1. Just to be sure I understand, how many residues within the stretch 26-63 are touching a residue at least 12 places away in the same chain (Cβ under 8 Å), part of a helix (DSSP H, G or I) and touching a Leu at 6+ places or on another chain (Cβ under 6 Å)?
2. Going residue by residue through the stretch 54-70, is there one that turns out to be at pLDDT 90 or above, surrounded by 12 or more Cβ atoms within 10 Å (Cβ to Cβ) and in contact with an Asp or Glu (Cβ under 6 Å, 6 or more places away or on another chain)?
3. Filtering the stretch 25-42 down to residues that are within 16 Å of Leu68 (Cβ to Cβ) and small (Gly, Ala, Ser), which residue is surrounded by the most Cβ atoms within 10 Å (Cβ to Cβ)?
4. Which condition number does Thr22 fail, the rest of (1) loosely packed, with under 10 Cβ neighbours inside 10 Å; (2) modelled with pLDDT of 95 or more being met?
Amino acid sequence: MTTATIQQFPPLESVSRPAVDTAAAAYYLNRRPQTLRCWAMNSGTGPVSCIRINGRLAWKVSDLRRVLGLAS
């Protein structure tokens, strides 16, 4: 029997980093990570745009807050 690892993400309001990885962004947006990867491939199709950091996808926390209506 294998145990699946469950990632715990802090509330978006308490995230102080400028960007999060795809798994965290998908959690906050209630989408699957693959959906965000499709948004990244087809720029302009999703509500948020990605940035690339050393070849990896990252998602701006400010954009996530804006989409979720948490921007202050």
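1. Of the residues in the stretch 26-63, the ones touching a residue at least 12 places away in the same chain (Cβ under 8 Å) are 27-29, 36-37, 40, 47-51, 53, 56-63.
This time we only want the ones that are part of a helix (DSSP H, G or I), so: 27-29, 36-37, 40, 61-63.
Next cut, touching a Leu at 6+ places or on another chain (Cβ under 6 Å) only: 28, 40.
So the count comes out to 2.
2. The answer is no; no qualifying residue exists.
3. Residues of the stretch 25-42 within 16 Å of Leu68 (Cβ to Cβ): 25-31, 35-36, 39.
The next check asks that each one be small (Gly, Ala, Ser); those that pass are 25-26.
Details: Ala25: 25, Ala26: 19.
Only one residue tops the list, namely Ala25.
4. It is condition (1) that Thr22 fails.
The values are calculated or read from the model by the stated rules, or taken from the named source; none is laboratory data. These numbers were taken from a predicted model, which means no experiment stands behind them. Please note: Cβ atoms are built from the backbone with ideal geometry, for glycine as well, and neighbour counts cover all protein chains shown.
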